[in-house]
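Right, one structure below, let's go through it.
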Amino acid sequence: MKLAVIPGDGIGVEVTAEAIRVLDALVPGVEKTEYDLGARRYLRTGETLTDADVESLKSHDAILLGAIGDPRSVPAGVLERGMLLPLRFALDHHVNLRPSRLYPGSATPLKNPGEIDFVVVREGTEGLYTGNGGAIRVGTPQEIGTETSVNTRFGVERVVRDAFDRARARRGKLTLVHKTNVLVNAGGLWQRTVDEVAPEFADVEVDYCHIDAATIYMVTEPSRFDVIVTDNLFGDIITDLAAAVTGGIGTAASGNIDASGTNPSMFEPVHGSAPDIAGQGKADPTAAILSVALMLRHLGKAAEADRVEAAVEADLGSRGDGPVSTSEVGNRIVAALGG
Ligand code: NAI
Ligand code: MG
């Protein structure tokens, strides 16, 4: 197995180190190549992501990313538009996968959360995030700004199929989240695609929620969700809400997946480089460690992924209210894995 590792900036470097320790304890002999990408590279060389970087990354089985960004020295958007989005498009990461699970011991702001265990399949290459828009008369009272949501039958169908597959392997329920009553063109395409694919998955129950109602249910009745499939923007918003109700940013993991398997998929914690706590050994590496579990499951190592998740669950359940240190969490998970 060939793994590309992009530790990135700030706590990205710290949490990735623990994630790699966990991987090494579980799957010895993974061949790793470290990539210098992110704010530090940009400040040194002015480069964000070169064609050579992309070609080289493509030769790996998977990519593990920490976090990139340094808001004090790199203007907002430079790395998102120069590195993260181009990588997603170059590697065709059309499935943005975000599991949400409330582990016993996690601090949820919900009073009666019930069981929370769902995954969001967010379309990652279309919708409002393609840069299909423009502006004229900028800065004048007559300014016009447009972004057009791009939805293709091909692009929608491949994530819908992926979501049905995941629902079948889980509790057998798929919820389409959209706003079909108002966004009739894009919404109609999504709804018809789900309706047309559904008969092939007769064992999967199909549900539908408008995005606004989905934000209510996610707080009042999150146990109703198993697999949610939705577009790029709705998915972006709803997954942050999902992270909030399941105990926050320290445990939220994600996968950027090319479901066709043509390009390596990339796994990363949802959080950023957290400059406010970087270098202090305070960052919780759990999200990065759960990203390793997602990666292992994607690569067909389900038993190993289960072991990581069980170790994380035990660690979260045994934490008191005291602070955790980055290395201490890594130590406990590695010890639980017998490493
Ligand atoms: P952030 O996620 O880095 O931090 C938000 C808050 O959560 C901070 O108070 C931070 O201390 C806390 N936090 C984050 N991760 C934590 C962890 N593992 N353990 C404990 N506390 C944690 O978001 P922010 O501050 O908006 O962004 C900082 C930088 O990260 C920016 O440059 C931003 O662009 C970048 N970023 C990069 C991402 C990526 O590489 N995919 C994703 C999100 C942000
Ligand atoms: Mg977001």
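One table, with the values for the structure above:
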| read-out | value |
| --- | --- |
| Gaussian network model of the chain, Cα within-10 Å springs - most flexible of THR251, THR148, THR16 | THR148 |
| Cβ-based charge dipole, the chain, positive-most Cα from ALA167, GLY261, PRO275 | PRO275 |
| Within the chain, longest stretch clear of exposed GluC sites (Glu not before Pro) (DSSP loop, no more than 15 other Cβ within 10 Å) | 144-339 |
| Point-charge dipole on Cβ atoms (K/R +1, D/E -1) for region 1-134, about Cα centre, debye to 20 | 340 debye |
| Over region 220-339, relative contact order from alpha-carbon pairs under 8 Å, at least 6 apart, % | 20 percent |
| P(r) histogram, all alpha-carbon pairs of the chain included - 20 Å bins from 0, percent | 30, 59, 10, 0 |
| Pairs of Cα atoms farther than 23 Å apart, region 108-246, % | 38 percent |
| Gain in span if fully extended, ALA303 to VAL182, counting 0.36 nm per residue against the direct Cα distance | 39.2 nm |
| Under-5 Å amide H pairs with SER100, H placed in peptide plane, nonlocal only | PHE118, VAL119, VAL120 |
| Charge dipole magnitude, Cβ of K and R +1, D and E -1 - the chain, Cα centre, debye nearest 20 | 140 debye |
| Kyte-Doolittle mean at least -1.0 and Cα axial length at least 15 Å: DSSP H helices in the chain | 11-26, 153-169, 184-197, 232-245, 286-298, 302-318, 326-336 |
| Positive dipole terminus of the chain, leading residue within GLY8, ALA311, GLY247 (C-beta point charges) | GLY247 |
| Mean separation of Cα contacts under 8 Å (6+ apart) over length of the chain, as relative contact order % | 25 percent |
| For region 66-186, size of Cβ-based charge dipole, Lys and Arg +1, Asp and Glu -1, in debye | 420 debye |
| Cβ crowding within 10 Å averaged over residues, with 170-179, 329-338 ranked highest first | 170-179, 329-338 |
| Sites matching trypsin sites (Lys or Arg not before Pro) across region 89-166 that sit in DSSP coil, with at most 12 neighbouring C-beta atoms within 10 Å | LYS111, ARG137 |
| Rounded Å value of the spacing that divides the Cα centres of region 138-168 and region 49-64 | 25 Å |
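None of the figures in this text is laboratory data; all of them are computed from the coordinates on show. These numbers come from a predicted model, not from an experiment. Here Cβ is always computed from backbone atoms with ideal geometry, including for glycine, and neighbour counts include all displayed protein chains.
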